Structure formats: C-alpha cells, structure tokens
Amino acid sequence: MKRSGLHLTALSQETIVAAIAVIIFIVASATLPGFFTAENVVSIIRSVSVLGILALGMAVVIIGRGIDLSAVAVMAMSVAWYLQLLNDGSSGWQALALVLAGVVGIGLLNGFLVAYADVPAIFVTLASGSFVFGFVRSQLIAQDAVPVPPDNWLQLLGGLRFLDIPIEVFIFAALAFVIFLFLRYTKWGRYVYYAGDNPVAARNAGMPVRPMLVFRYVLSALVAFLAGLLTAASLHSINTRVVNSTLLYDIVLVAVIGGIGLSGGKGSVRNVLFGSALIGIMLNAMTIIDIPLIYQNLIKSTILLVAIVIDGLLNPRDEQTAQQGDI
C-alpha cells in the first residue's frame with residue numbers, strides 16, 4: 001500500500017514538472033525572439049545531453065540510497081588526463097586503458113568505503129572528488145584547459161550529426177534506454193530499488209547489498225567519464241575549472257526536481273528526462289533574456305532548495321537513512 005502511494009506521488013510530481021516545462025516553453029516561444037527556432041531547440045537538447053548523462057549516473061546512486069559528489073571531478077579530470085596522455089605521445093588504446101583503470105579505481109574506492117567501511121557517502125565522495133581534482137591537476141596535467149589532439153577521434157565524434165542533430169543527443173537517448181532496461185528488467189536493477197527502499201531487509205533476503213553498492217559507484221564513475229568525453233568532443237578541449245562550477249548542483253537539481261527521492265528506493269529514467277527538459281528550457285530562456293550568471297545561479301539554488309524541502313516532505317527520511325547519513 002505504501003508503494004502505491006509513493007507511485008502516485010511520483011506520478012503527480014512528474015506531471016507537474018512536465019506541465020511547468022511545457023508552460024515555460026510555450027511562453028518563451030511566444031515572447032522571446034529566436035527561442036522557437038530549429039537551431040535553438042537543437043541547442044536546448046544538446047545543452048542538456050551531458051547534464052542528463054551525468055544525472056543518469058547520479059540517479060542510479062540516489063535510488064540505491066547514496067550520492068556521488070565526485071562525479072564532476074571524475075568527468076573533468078579523467079578526460080583531462082586522457083587528453084594529456086595523447087598530447088604527450090601515448091597511444092590511444094594505452095591512454096584509454098590507463099584512464100579507465102583510474103576511473104574504475106575511484107569508483108571502487110568510493111563504493112568500498114561506503115559499503116564496507118560504513119563511511120557516509122556524502123563525505124567519501126566529497127573527499128575523493130577533491131583528491132582526484134588536486135592530484136590530477138598537480139601531478140598529471142600541465143594546464144587547466146587541455147585540448148583534443150588534431151585529427152583525434154574525439155574531434156570526429158564532435159562533428160557527427162544525424163538529421164542535423166548532434167551525436168551526443170543520440171548517445172544520451174541510448175544510455176537512458178540502457179539504464180531503463182537495467183533498472184526495470186534485470187535482477188540487479190531491481191536490487192537497486194530494494195536496497196534503496198530497505199537495505200536491512202534486502203540484506204536479510206540474501207541480496208548482495210554491499211557488492212551492488214560498489215557496482216553503483218563504479219557505474220557512476222564510468223558514466224561521468226563518458227560525459228567528459230562527449231564534452232571534450234563538443235568543445236575540442238576539457239576545462240578542469242568546471243569542477244568548481246555549479247554543474248554538480250545542476251545534476252542533483254535535475255534528479256530531485258524530476259522526482260527521484262533522496263531517501264532512496266524511488267525514481268526512474270523518466271524522472272531524469274523530465275528534470276533535464278525543465279532545466280534545459282529554463283536555462284536557455286534565462287540566457288536569451290540575458291539574466292546575469294550570478295542571478296541564474298541564485299534562481300537554480302533556490303529551486304534546488306525548494307525541491308529538497310518538498311522531497312523531504314514527500315519522502316521523509318527513515319531511521320536507517322538517518323543512521324547511515326548517506327544524504
């Protein structure tokens with residue numbers, strides 16, 4: 001009975017978010033010059049593709065009753081290291097294998113400390129993100145912005161379009177579909193919901209709660225690396241200063257405002273899609289209106305705060321969540 005109520009609550013929130021996105025889109029189309037054009041609509045979709053990819057990785061972690069604050073650091077610094085290796089003359093496969101090993105290692109470290117050392121996820125991932133940024137910037141790369149080498153496959157990837165739509169949009173859609181299938185139709189995907197809803201009961205039922213938790217952080221790190229590659233492909237470089245931007249808060253905003261409960265056990269890919277659509281339309285409209293960035297950040301932070309308060313009312317933290325301190 002409880003799950004039925006939660007489902008209806010989530011459905012209502014999704015409906016509200018979708019309705020707000022449609023209203024903003026209609027009003028902006030009618031009032032803002034240049035908003036309702038094919039180029040701008042494609043720009044909106046493209047702008048939320050990387051954000052949506054990062055939010056998909058975050059969503060899997062949050063549904064399983066966790067959080068990953070290292071995602072943006074892993075995204076930027078892993079790709080910066082990869083490009084630095086290529087610029088220094090390393091072979092493509094060797095550089096990719098080395099960076100992938102590092103990305104998986106960070107995911108394993110995060111997961112191990114949360115699952116087996118019982119350290120709260122918010123502190124583990126905050127610390128690992130700071131370590132990744134500091135270590136890579138000081139030891140492995142020479143500058144904040146690392147360019148893509150000439151004629152590299154990332155340059156070719158960034159130029160690919162289908163029906164005049166950038167390739168990253170299709171990659172976002174494909175990844176969303178794969179994660180949807182994973183969560184809905186696989187045994188391990190269902191374990192994510194069970195562990196997020198009640199980890200003690202899931203463990204008592206014989207589910208591999210701790211290994212699954214480690215897996216979720218590895219998956220989040222790999223998704224972050226993919227998002228970084230697409231960013232580099234689009235911009236022909238990666239700027240590590242993005243780690244200090246508001247991107248991490250945007251990722252959490254997309255997940256929470258879309259309807260993924262921070263208490264765990266609830267949410268889906270659909271929530272990420274709705275949240276991404278709303279944030280993308282809103283940010284594009286504010287940019288056309290020429291609202292200063294500082295006020296855009298103020299608006300986003302206010303929305304995030306309101307969304308967290310509403311989430312706390314709709315999905316109250318239970319005693320287990322409070323004890324674990326995951327969020």
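The values are calculated or read from the model by the stated rules, or taken from the named source; none is laboratory data. Only a predicted model underlies this, so the values are computations on that prediction, with no experimental measurement involved. When we count neighbours, we look across all protein chains shown, and the Cβ atoms used for this are built from the backbone with ideal geometry, even at glycine. Surface areas here come from the heavy atoms of the whole protein model, side chains and all, with no ligands, DNA or RNA. Shrake-Rupley method; radii C 1.70, N 1.55, O 1.52, S 1.80 Å.
General remarks:
- Residue identified as open to solvent by 70 Å² or more (accessible area, probe 1.4 Å), touching a helix residue (DSSP H, G or I) at 6+ places or on another chain (Cβ under 7 Å), in a helix (DSSP H, G or I) and in contact (Cβ under 8 Å) with a residue 40 or more places away in the chain among Arg210, Arg241: Arg210
- Within region 77-116, tally of residues that are farther than 25 Å from Asp151 by Cα, open to solvent by 50 Å² or more (accessible area, probe 1.4 Å) and in contact (Cβ under 8 Å) with a residue 60 or more places away in the chain: 3
- In this structure, Val22 does not qualify as without any contact (Cβ under 8 Å) to a residue 40 or more places away in the chain and in contact with a helix residue (DSSP H, G or I) (Cβ under 6 Å, 6 or more places away or on another chain).
- Count of region 267-289 residues which are closer than 23 Å to Ala121 by Cα and either open to solvent by less than 20 Å² (accessible area, probe 1.4 Å) or in contact with a Gly (Cβ under 6 Å, 6 or more places away or on another chain) (or both): 4
Okay, residues lined up against (1) at positive phi; (2) modelled with pLDDT of 85 or more; (3) not in a loop (DSSP other than H, G, I, E, B):
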| position | (1), (2), (3) |
| --- | --- |
| Ser263 | no, no, no |
| Asn271 | no, yes, yes |
| Gly275 | no, yes, yes |
| Leu283 | no, yes, yes |
| Asp311 | no, no, yes |
| Asp326 | no, no, no |
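- For Val254, the criteria (1) over 11 Å from Gly57 (Cα atoms); (2) open to solvent by 10 Å² or more (accessible area, probe 1.4 Å) hold in every case but one, which is (2).
- Test: residue in region 131-148 that is of a type in the set (D, E, K, R) and touching an Asp or Glu at 6+ places or on another chain (Cβ under 9 Å): yes
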